[in-house]
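Throughout, read-outs are computed from the coordinates displayed, never taken from laboratory work. Worth saying up front: this structure is predicted, and the values here are computed from it rather than measured. Neighbour counts run over all protein chains shown; Cβ positions are idealised from the backbone, glycine included.
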């Protein structure tokens, strides 16, 4: 059987920095090869190399050979770890965006339509076809990103953290559909930190560390038994509600996103906000911060209503870490970045830097305080953003998908940050990562159709 | 008619803009720019963007007129002057400044109308249907999308920094202080976006050979093709006439 990919890479380097060394990889049709490893191990570089994207849009020095079964485009369908990166801007609607690949391949119009429909169905995104890509939630974007890659109908599919922002049901459906694709002969490279996903899907797993292949083989042999980390418990939870949302109604134009949502979070506790993609989780965070106007209802922190307060004044009461931290990083050093919030809120320089150092210590980033945040990996940038939010010491801290793409070490650092926050107030964690939610949160709400549909209370460590 | 103008083929809108700008700069003021401005505002009104077009045209033209008047009538007055409280003012500078501003305002109004009403995505598909090379399709679409994209990014950066406590209003010092936290991430985001787009295109077979096809059929009726040919012909004639003059 002719392999869909044969890679023999001695060195892949960005300038003077070697990203990969001595990697050999062969993928047969129908095979799903999982790639995992810590942040900075070279997973994305290997994925880009497999898809034939290194050396074109991304300048890199490649010593070695990469051979694809296909000699002409498309060599591979590629799903980026950041779903926004998938969008070319050439589609005004989701279906137009998905059509860009087949259009580039000069596929006749009727055949494009068929491909787009198939890809959207396979990515569980048919219902999004007429929506503008800019207005999708993170998880919806991820589904569309997958559809964009599938529409190329390439013999090789390279997926970089394709489920990081998908809800558990969507992840399961994604797995089922990936298996079907493989059964039809598509070779798949699946980069993921989700070891359960790799165990369930991969026929072979390659574990990278420091740019080299450390272990390779059957998932059962290569991946250690699933780590069920102990719950990070604290005795901080008190019965007094610190955060209260009362009958919140919010909408984007005519689309009601939050519908009479009522929610409270006790002082000293952490609450997981769960829900399907597009359920309104991120909108809730934006409403709390005042970025999306409230049509009805009230938000109260520490007994004080925030209604009418401008966004920058709410920052004293609520800290929000966005899904994409790159929107906020600007300072020359990590320390300055983390101290920025306290400084604009009026803390004297020395006090602001002391708080910043404390926050950096909480996420184990002290050694990076002199580094330019722009030079860090996105996962580390997110840790910097978390430290920056904590340094202002808001009583309520909201983290939006903090564990997306994080390795175990990153998740441990975020868990430590949440423990610290619970000692000072409360935390709300918007996530699809249920094991992480179980580990760090003592309450969870499930958003559905803009309402808190159910509330789960767990005893320490067990849902 | 209004409905038709809203569904106009993007290539026709482009031809109209080229003609209006040519008219503005080739036919002497005030008639050339006045006609162009009137047509641009009429088209903007019929497509529901008149207010925004007037605002951006005025935002460029009025300060330009003011600057030119200050420079040519007050700072370095030339020709006949009148004395106003001991300050010599060159009265002859007012009208030329008005014509230059009018030209600029008319050109901005025409461009503003096309940017606000033409979907870059429709333009790409219209170009693909006419067999233009892929790079030219993307170049034009990216140019049209640049302003709205930058605005969207700026909004995101602004939101992120306000959530950290940054107040963006207030006096000049406060505004100056807010510049770096806003401009820094915005610049980085825009550069990153451009790189990301290039990579996204690469990942979507943009380098494939052969003419691109299109999922959507952008209507291009015969009368519009004829109108376009007339407008291109008129633009070229005006340009040649301008050069000869």
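A Förster radius of 35 Å combined with the Cβ-Cβ distance from residue A:17 to residue A:313 puts the calculated FRET efficiency at roughly 0.20. Using r as the Cβ-Cβ distance of residue A:367 and residue A:111, and R0 as 41 Å, what FRET efficiency do you calculate, to the nearest 0.05? About 0.15, to the nearest 0.05. Which residue, B:11, B:111, B:74, tops the fluctuation ranking in a GNM of chain B built on C-alpha contacts under 10 Å? Comparing B:11, B:111, B:74 in the GNM, the peak value goes to B:74.
Each principal axis of the Cα cloud of segment A:1-133 was evaluated for its coordinate range; sorted largest first, these ranges are 44, 33, 25 Å. Dividing the helix sum by the residues of chain A, where each DSSP H run of 4 or more adds -39500 (n - 2.57), gives a mean residue ellipticity at 222 nm of -9500 deg cm²/dmol. Model label points for residue A:70 and residue A:296, set 7 angstrom from Cα along the Cα-to-Cβ axis, are 5.2 nm apart.
Largest GNM mean-square fluctuation among B:103, B:52, B:204, using chain B with Cα springs under 10 Å: B:204.
Note: relative contact order over chain B, using C-alpha pairs below 8 Å and six or more positions apart, is 27 percent.
Extension gain, residue B:62 to residue B:38, is 6.9 nm, computed as 0.36 nm per intervening residue step minus the present C-alpha separation. Contact order, relative form, for segment B:114-245: 34 percent (alpha carbon pairs under 8 Å, 6 or more residues apart, mean separation divided by residue count). How would chain A be classified by its alpha-carbon gyration tensor: rounded, prolate or oblate, with rounded meaning a/c under 1.5 and the a/b versus b/c comparison settling the rest? Cα axes put chain A in the prolate bin.
The Cα-based radius of gyration of segment B:153-245, divided by its Kirkwood radius, gives an Rg/Rh of 1.26. Over chain B, dividing the summed -39,500 (n - 2.57) contributions of all DSSP H runs of at least 4 residues by the number of residues returns a 222 nm mean residue ellipticity of -24500 deg cm²/dmol. Counted by neighbouring Cβ atoms within 10 Å, the residues B:67, A:436 run from fewest to most as B:67, A:436.
When the square roots of the Cα gyration tensor eigenvalues are ordered a ≥ b ≥ c, the ratio a/c for chain B is 1.5 or more and a/b does not exceed b/c, which makes its shape oblate. Equivalent-ellipsoid semi-axes for segment B:46-149 (Cα gyration tensor, √(5λ), whole Å, largest first): 42, 14, 10. Put in line by how crowded their Cβ is, counting other Cβ atoms within 10 Å and starting with the fewest, A:135, A:336 read A:135, A:336. Rounded to the nearest 0.05, the FRET efficiency derived from the C-beta distance between residue A:28 and residue A:260 at R0 = 60 Å is 0.65. Relative contact order of chain A, taken over Cα pairs closer than 8 Å and 6 or more residues apart, is 16 percent.
Remark on segment A:305-463: hydrodynamic radius 16.1 angstrom, per the Kirkwood mean of 1/r across alpha carbon pairs.
So, how do all the Cα-to-Cα distances of segment A:257-318 break down into 5 Å bins, in percent, from 0 on up? Histogramming segment A:257-318 at 5 Å steps yields 3, 16, 28, 26, 19, 7, 0 percent. Listing A:355, A:281 from fewest to most neighbouring C-beta atoms within 10 Å gives A:355, A:281.
In segment A:367-436 the Cα-Cα distances spread across 10 Å bins starting at 0 as 19, 54, 25, 1 percent of all pairs.
Label sites at residue B:183 and residue B:236, each approximated as a point 7 angstrom past Cα along Cα to Cβ, lie 4.5 nm apart. Note on residue A:449 and residue B:207: the model spin-label points, each 7 Å out from Cα along the C-beta direction, lie 5.0 nm apart. Legend: mean number of C-beta atoms from other chains within 10 angstrom of residue C-beta atoms, peptide A:80-89, equals 5.
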